[in-house]
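The values are calculated or read from the model by the stated rules, or taken from the named source; none is laboratory data. Keep in mind that what you see is a predicted model, and the values were worked out from it rather than measured. Here Cβ is always computed from backbone atoms with ideal geometry, including for glycine, and neighbour counts include all displayed protein chains.
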Amino acid sequence: MITDGTLFIGRIVDKLDKVDSTNQYALTMLKQRPPVEGFTVWALEQFAGRGQRGNTWLTEPGTNLTFSIILHPRFLPVTGQFWLTRAVALAVAEFVSSCLKSDSLKVAIKWPNDIYVNDQKIAGILIENMLEGSTLKYSVAGIGININQTQFDPSAPNPTSLKLLTGNSFILEDCLNRIFIPLEKFYLELRAGNYKKIDEAYNNLLYKRGVLSNLSINGKACKGTIKGVSETGQLLIDTDTGEQNAIEPLELSNVKHLVFL
């Protein structure tokens, strides 16, 4: 499957009926014969999709978008890998906003990599990197977006979909082709070094930014205000007791776990 409308992202799409994980499929390809940049793996059914910190991405077969894009961000140092998360999140948020066309439905980025509409999750992102020295050799950007699904597992955290929000059904292939355009746009902004522009856009969309909220940080309930995200991707929170927290986005041994109560 070959698509138009972009220079390289999504120009070649490997469409699968069923796969365990599009990210795992793409990572296996990279270990064998790396495809060209922008190569996309799209699955109609993903039965073992992975989310952040080992969570499972559950989706109804044939109703949603689950795909992974292979990128070659050698221009980014290892310490700057969260910039890619910013760029991808902004692209997904822009796509969702373009489908909703409603001022009452507010699209936000819930740190580090979920897309929310009002207080409901509509999309998730998982980026996995292969390193070469101090730079990123390859990245696999896995994206899941709820499109036409209307019934969800009761244990899923506050999910929604484009169909639930708009009442309309969407053609998956059209949605995929549409999202390639903002993905390439923000990736090229990143490659051009426009970090300030990306940082401002990401922080402007940050879920609950500047709002005093009930939180749980590392199992401890508190009230806090999200101030923004640091250059390396730390979520910066000031609590009402004056404590300042910098929460790491990566799976580090000293990571603090954040929950909105």
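Out of GLU200, GLU128, I need the residue that is under 15 Å from the mean Cα position of the chain (by Cα) and either in a loop (DSSP other than H, G, I, E, B) or among the acidic types (Asp, Glu) (or both). Which one?
GLU128
So which residues in the range 100-125 are assigned to a strand (DSSP E or B) and not basic (Lys, Arg), if there are any at all?
Quick first cut of the range 100-125, residues assigned to a strand (DSSP E or B) only: 107-110, 114-117, 120-125.
Residues satisfying the conditions are VAL107, ALA108, ILE109, ASP114, ILE115, TYR116, VAL117, GLN120, ILE122, ALA123, GLY124, ILE125.
Check the range 70-77 and report whether any residue there is part of a helix (DSSP H, G or I) and of a type outside the set (Val, Ile, Thr).
Going residue by residue through the range 70-77, those that are part of a helix (DSSP H, G or I) are none.
No, the range 70-77 contains no residue that is part of a helix (DSSP H, G or I) and of a type outside the set (Val, Ile, Thr).
For every residue, the table says whether it meets (1) loosely packed, with under 15 Cβ neighbours inside 10 Å; (2) of a type in the set (Ser, Thr, Tyr); (3) modelled with pLDDT under 95; (4) closer than 21 Å to LEU136 by Cβ.
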| residue | (1), (2), (3), (4) |
| --- | --- |
| GLY10 | no, no, no, yes |
| VAL13 | no, no, no, no |
| THR22 | no, yes, no, yes |
| PRO35 | no, no, no, yes |
| GLY38 | no, no, no, yes |
| ALA43 | no, no, no, no |
| GLN46 | no, no, yes, no |
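Given the criteria touching a Gly at 6+ places or on another chain (Cβ under 8 Å) and over 24 Å from PRO35 (Cβ atoms), does ILE109 qualify?
Working: touching a Gly at 6+ places or on another chain (Cβ under 8 Å): no; over 24 Å from PRO35 (Cβ atoms): yes.
No: the conditions fail for ILE109.
Being on the phi > 0 side of the Ramachandran plot, assigned by TED's automatic domain parsing to the domain that holds ASN23 and either at pLDDT 95 or above or buried (at least 20 other Cβ atoms within 10 Å of the Cβ) (or both): is that true of ASN118 here? If you could, list the steps in order and put the result at the bottom.
Numbers: on the phi > 0 side of the Ramachandran plot: yes; assigned by TED's automatic domain parsing to the domain that holds ASN23: yes; either at pLDDT 95 or above or buried (at least 20 other Cβ atoms within 10 Å of the Cβ) (or both): yes.
Against the criterion (on the phi > 0 side of the Ramachandran plot, assigned by TED's automatic domain parsing to the domain that holds ASN23 and either at pLDDT 95 or above or buried (at least 20 other Cβ atoms within 10 Å of the Cβ) (or both)), ASN118 qualifies.
Take LEU65 and tell me if it is in contact (Cβ under 8 Å) with a residue 60 or more places away in the chain and touching a Cys at 6+ places or on another chain (Cβ under 7 Å).
Numbers: in contact (Cβ under 8 Å) with a residue 60 or more places away in the chain: yes; touching a Cys at 6+ places or on another chain (Cβ under 7 Å): yes.
Spelling it out, LEU65 is indeed in contact (Cβ under 8 Å) with a residue 60 or more places away in the chain and touching a Cys at 6+ places or on another chain (Cβ under 7 Å).
Among the numbered conditions (1) outside any strand (DSSP E or B); (2) modelled with pLDDT of 95 or more; (3) of a type in the set (S, T, N, Q), tell me where SER155 comes up short.
Result: SER155 passes all but (2).
Do the conditions hold for VAL229, that is, is it among the aliphatic types (A, V, I, L, M), surrounded by 14 or more Cβ atoms within 10 Å (Cβ to Cβ) and farther than 30 Å from ASN148 by Cβ?
For VAL229, the condition - among the aliphatic types (A, V, I, L, M), surrounded by 14 or more Cβ atoms within 10 Å (Cβ to Cβ) and farther than 30 Å from ASN148 by Cβ - is met.
Sort out which residues of the range 151-202 are of a type in the set (Lys, Arg) and exposed (fewer than 11 other Cβ atoms within 10 Å of the Cβ), and write them in order of number. It would help to see each step written out before you state the result.
Step one: filter the range 151-202 for residues of a type in the set (Lys, Arg), giving 163, 178, 185, 191, 196-197.
LYS196 - this is the single residue of the range 151-202 that is of a type in the set (Lys, Arg) and exposed (fewer than 11 other Cβ atoms within 10 Å of the Cβ).
Does LEU76 meet the test of being touching a residue at least 40 places away in the same chain (Cβ under 8 Å), touching a helix residue (DSSP H, G or I) at 6+ places or on another chain (Cβ under 8 Å) and surrounded by 15 or more Cβ atoms within 10 Å (Cβ to Cβ)?
yes
Any residue at all in the range 245-252 that's at pLDDT 90 or above and within 14 Å of TRP111 (Cα to Cα)?
No, that holds for no residue.
If you scan the range 202-231, which residues turn out to be at pLDDT below 90 and β-branched (Val, Ile, Thr)?
Passing the criteria: only ILE217.
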